[in-house]
Amino acid sequence: MRLNPFNTGNINVRSSGGGAGAAGGLGCGTIILAALGYFIFGIDPFQTAATVESVQQGRQQAGPANTDEAAVCNSSEYAREACNGLQSLNQTWAATFQQQGFGDRFQQPTLDLFGGGGVRTACGAADSSMGPFYCPGDQTIYIDTTFYDQLARMSGNSGDFARYYVLAHEYGHHIQQITGIANQIRSVQQQNPRAANQLQVRMELQADCYAGVWAGKNRNLIDPGDIEEGMQAAAAIGDDVLTRGRVSPENFTHGTSAQRSQALQLGLQGDDRACDAITNIG
């Protein structure tokens, strides 16, 4: 995907827990657990902060965050790519809010690129076992860039669009937060715990749809094969594929491969309002 180089004046970026460019320090098994922990079991920082805090004991703790945005963004190829993607997402969603008459409601999220160590968030302490996640408490997307290597093995491709899809998905959770959808869903989950997983699936599928919306609004920047990369990534991280039948559908948290691919495809039409039906809770 041909995105413009980032301008640090357009993005909020920092690095915690070992540096954005760190590679290594995690074995393949650990990275697989990171993928399973987030994409299968739906580890959610605002719901499981106490549990994450307990497993943090004895592990590397996060040091002071590096807030030198230029240094963070230039620390690795993945970091530069993420910063380019964040700038494009900011521009696309700011324009979308403005066009729909809600420009004053848009807020940029922060991107924290941490590598290998622990990280403290407004949702509690976390580490690589969380996988990529969004914390509504500090409106920050947290990504350990070493996850991208595992994603390439899982999806069978190493193209940049698969990584942009992950970032755009987490950005979708930020959109849900600032529009109030996330709070509505959490309220219903508390009122009806038996439906919590089904509602979580809707949240995740809508985030997939929002990722597609961003791509759909930037089709002129998409290279041949990009869409296929995104579809392969979505299919590779469906609950049914990753669990291989070990988790029943009623316990899914992110949706099947087919559902995730369909949600991404729906968003690619470029209309975010088409994604509203996914989380329509009446």
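Observations, loosely collected:
- Counting all C-alpha pairs of the range 70-142, share separated by more than 14 Å (%): 66 percent
- Projecting the Cα atoms of Ile222, Gln190, His173 onto the charge dipole of the range 164-223 (Cβ charges, centred on the Cα centre) puts Gln190 farthest toward the positive pole.
- Computed from the Kirkwood radius of its Cα pairs, the Stokes-Einstein diffusion coefficient for the range 96-228 at 4 °C and 1.567 mPa s stands at 80 µm²/s.
- Residues Ser158 and Thr67, FRET efficiency given R0 of 41 Å [Cβ-Cβ distance, rounded to 0.05]: 0.85
Throughout, read-outs are computed from the coordinates displayed, never taken from laboratory work. Just so you know, these numbers come straight off a predicted model, no measurement behind them. Backbone-built Cβ (ideal geometry, glycine too); neighbour counts: all protein chains shown.
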